[in-house]
Structure formats: structure tokens, C-alpha cells
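S.K.: Let me give you the structure first, and then I'll get to my questions.
The values are calculated or read from the model by the stated rules, or taken from the named source; none is laboratory data. Not measured: the values here are computed from a predicted model. Reconstructed Cβ throughout: ideal geometry from the backbone, glycine too, with neighbour counts over all protein chains shown. Side chains included, ligands, DNA and RNA excluded: accessible areas come from the protein's heavy atoms. Shrake-Rupley method; radii C 1.70, N 1.55, O 1.52, S 1.80 Å.
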Amino acid sequence: MKVAVFSTKSYDREFLEAANITAKTNHEFVFFDTQLNPKTTSLATGCLGVCVFVNDDVSAETLKLLAAQGTRFVALRCTGFNNVDLKTAKELGIKIARVTAYSPFSVAEHAAGLVLMLNRKLYRAYNRVRDDNFSLEGLLGFDLHGCTVGIIGTGKIGIIFAQIMCGFGCHLLGYDTFPNPKFEEIGDARYVQLSELFVKADIISLHCPLTPGTHHLINANAIEQMKPGVMLINTSRGALIDTKAAITGIKSGKIGYLGIDVYEKEDNLFFDDLSDSVIQDDVFQLLQSFPNVVITSHQAFFTRNALTDIASTTVSNFTEFEQDRPLTNEVFYQPPVLATTSA
Ligand code: NAD
């Protein structure tokens, strides 16, 4: 099956081609560096399948253009599908599939890495020592042991993050619209209402999907309820946090530490080398100017284990579609339900 693969980097080509060989399939992957959007759909002319990543624009406009060219299947190389207009896809008869699961350890371990970066200021210590500055002034940290960690979203990644933090001796509070019985089997973990989590947690980590109901889940009102000096970690999706509200919280001292792997306007920034450019996003530039903020560019998934899983599931998704078999990882349109985001 001929597939236009958008937003590709060298590692996407390498892992997808390897998975194609391992699975003994003959998908013809045509790789494009560019993102998919209404201006680039013509690159997929003649391709029954299209393969996209987190920041590709799979909006109604894009889907209509793809459909007119004969594309019938879009496979995401990721779990989240917030960038796809599922309603329009359904109306156009375009099927959508994703990678429902891949090494959840990759993201959970990265979230834990951000916690450690921040609580021991490792990012500052690294730069200092390279500069022959061996002073400890300003590097004072705190023990994770005994801290209360609030985990919002206790699915595949949230559960593993909970296990890791339990290993540090943390108390665990969880919030999930669909509680997972495995969560309360970990250490002293217990589910609470969101408002209680906000009030009691020293560290809050987001592991729920971005939906209309979770958009700006962390807003000014939520931040107001949090402990002074709280640590906020987001490895899920950028728009879970209202960035401007977070900046206000950092400036007031309410947020003591912010570690993010995702940013709500990341599609204009992440995955490219912009070191020679003048960044036009003032909010992002202000955010990264703070000494208590660590940003990584959506790399939590980026382990060889996860890339192997992603490529093999993506190849299998195309094979199932080509052979007209039921799609194991199909994403169906569901009318939006506003999730409960407060107590
Ligand atoms: P999952 O589906 O296994 O778990 C998500 C959990 O969130 C579920 O238990 C669900 O019930 C819960 N949830 C849904 N709505 C909620 C709400 N309003 N409030 C609280 N909980 C809610 O997904 P996962 O594999 O654990 O992935 C979690 C998220 O991580 C994904 O949605 C994706 O956005 C993000 N992710 C990021 C990266 C990265 O590289 N940074 C990689 C993979 C996934």
C-alpha cells in the first residue's frame, strides 16, 4: 500500500522501514519532512494511506482535500488523536487508527526525569560544573521521600509513573474520570477529588488525554488552589495547561517548579532546529527564561523501545486496512462529552 508519511525525521524512516522488513510487508512509504496541513496535502496524491504525528494538522479542511485525492486511511504514529477531526473523517469515510500503546515506561520515566531535574536543579548543576563553577549556592533541593504526588490520569503511563514515585517513598493521590483498580494497589495510593489533589499535592503530574473537557485543566482557578511552591509536570499534551496562567503562577511563586515536555503552541517550534532563528513566540520565550522551568521538546516517547513499538503497530495498522480486516487500533468518532474537571 502506498503511504505518504508526514513530519518524518531520520529515525521515523529507519524504524518504519525496519518494521516493514520485519513484518514482511511491502508498504511503499513515501517520506516527507514537512507537516501535513491543507497546503501540503497534494504531496499525498495517489496515496491510499497517510501517516502522521502529533503536530500534523488533520483538520476538516485537510481531510476534505485528502479525501478528494483518494486517501482513505490515516494512521497516527502516536497515542493522542486530539489533532484529528474525527467527525469529518467519519463523514468522509476516512478511517483513522493510532498506536494505542507503546512503551509507557518511556513517558513515565521521562516525567520522573523532569521531577529529578527540578527538585535537585540538575540542569543548573550540569552547566555550572562545565563552567568550573563548583558553588552550591542556589542548588538547594528537597527529598522526594515523603512528598505527596498528585497524578491526573491513571492509565498506562500514569500507573507506571505512580509506581516510580512510590519507589521514592512518595504518598500518591490520583484523579481519573475512570478510576483504575491497579492504582490503589500501589503503596498508599488513593483516589481523591480533583480539588483535594490540587490542595494536597507537592508535585502534580498530568497523564490524561487532551479533550474538550481537559483543555486548560490547569488554569488560574486550579493553580490558585495548589500549595505554594508546587511542582507541575506535563508530559501529556500542552493545552492541558493554560500557559499564561502558569506564567502568572510562576511569577507569584505559587508554582515553584515547572517541567514540561509539551507546550500548547509547540507545533511551530518542536522537532526542528531553530537555533539560528528568532523565535516569535513571546510566551514561550518568557516561559523558558525562568530559572525554575525545564522544557524538553516532546521527547518523552523517544526511546528505541518505544520507536520499535510505534513502527511495528503502524505497519500492522496499514496491513489490516490493506487486507480489509477489522482495525485493531481504529479511533472512532464520539460526540464530545464534557469531562468533570473539578470536584
Ligand atoms: P491512557 O488512555 O492509558 O490513560 C489516560 C487516562 O486518563 C485514562 O485512565 C483516562 O480514564 C484518564 N482520563 C481521561 N479523561 C480524564 C480527565 N478528564 N481527568 C482525569 N483523567 C482522565 O493513556 P496513556 O497511554 O497513559 O497516555 C496518556 C497521555 O500521554 C496521552 O493522552 C498522550 O496525550 C500523552 N502522551 C505523551 C507522550 C510524549 O511523548 N510526551 C507520549 C505518549 C503519550
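S.K.: How many of the residues making up segment 83-123 are away from the ligand (no atom under 16 Å from the Cβ) and assigned by TED's automatic domain parsing to the domain that holds Gly229?
M.R.: Going residue by residue through segment 83-123, those that are away from the ligand (no atom under 16 Å from the Cβ) are 85, 87-95, 116, 118-123.
Checking which are assigned by TED's automatic domain parsing to the domain that holds Gly229 leaves us with 116, 118-123.
Count: 7.
S.K.: Based on this model, can you work out whether Asp281 counts as within 15 Å of the ligand (Cβ to nearest atom), open to solvent by less than 80 Å² (accessible area, probe 1.4 Å) and in contact (Cβ under 8 Å) with a residue 12 or more places away in the chain?
M.R.: Working: within 15 Å of the ligand (Cβ to nearest atom): no; open to solvent by less than 80 Å² (accessible area, probe 1.4 Å): yes; in contact (Cβ under 8 Å) with a residue 12 or more places away in the chain: yes.
It is false that Asp281 is within 15 Å of the ligand (Cβ to nearest atom), open to solvent by less than 80 Å² (accessible area, probe 1.4 Å) and in contact (Cβ under 8 Å) with a residue 12 or more places away in the chain.
S.K.: Out of the residues in segment 189-207 meeting the condition of being within 21 Å of Lys156 (Cα to Cα) and open to solvent by 80 Å² or more (accessible area, probe 1.4 Å), tell me which one is farthest from the ligand (Cβ to nearest atom).
M.R.: My answer is Arg190.
S.K.: Okay, moving on. Looking at segment 208-231, is at least one residue modelled with pLDDT under 95, away from the ligand (no atom under 14 Å from the Cβ) and closer than 30 Å to Val3 by Cβ?
M.R.: Checked against the condition, which is being modelled with pLDDT under 95, away from the ligand (no atom under 14 Å from the Cβ) and closer than 30 Å to Val3 by Cβ, segment 208-231 yields no hits at all.
S.K.: Please specify each residue of segment 100-137 satisfying the condition of being farther than 22 Å from Val293 by Cα and in a helix (DSSP H, G or I). Give the derivation first.
M.R.: Going through segment 100-137, the residues farther than 22 Å from Val293 by Cα turn out to be 100-105, 132.
Across segment 100-137, the qualifying residues are Pro104, Phe105.
S.K.: Then there is this: Report, by residue number, each residue of segment 298-343 that is exposed (fewer than 14 other Cβ atoms within 10 Å of the Cβ), modelled with pLDDT of 95 or more and within 16 Å of the ligand (Cβ to nearest atom).
M.R.: Arg304, Asn305, Thr328, Phe332
Matching residues to (1) out of contact with any Cys (no Cβ under 7 Å at 6 or more places or on another chain); (2) open to solvent by 50 Å² or more (accessible area, probe 1.4 Å):
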position: Ser103; (1), (2): yes, no
position: Arg124; (1), (2): yes, yes
position: Glu137; (1), (2): yes, yes
position: Cys170; (1), (2): no, no
position: Pro179; (1), (2): yes, yes
position: Phe183; (1), (2): yes, no
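S.K.: Do we have Ile247 as closer than 23 Å to Phe284 by Cβ, crowded, with 24+ Cβ neighbours inside 10 Å and outside the structural domain of Val84 (by TED's automatic domain parsing) here? Spell out how you get there, then give the answer.
M.R.: On the way: closer than 23 Å to Phe284 by Cβ: yes; crowded, with 24+ Cβ neighbours inside 10 Å: no; outside the structural domain of Val84 (by TED's automatic domain parsing): yes.
When the stated conditions are applied, Ile247 does not pass them.
S.K.: Would you pick out the residues in segment 233-271 that are of a type in the set (D, E, K, R) and away from the ligand (no atom under 16 Å from the Cβ)? Steps first, please.
M.R.: Step one: list which residues in segment 233-271 are of a type in the set (D, E, K, R), which gives 237, 242, 244, 251, 254, 261, 264-267.
Those that are of a type in the set (D, E, K, R) and away from the ligand (no atom under 16 Å from the Cβ): Lys244, Lys251, Lys254.
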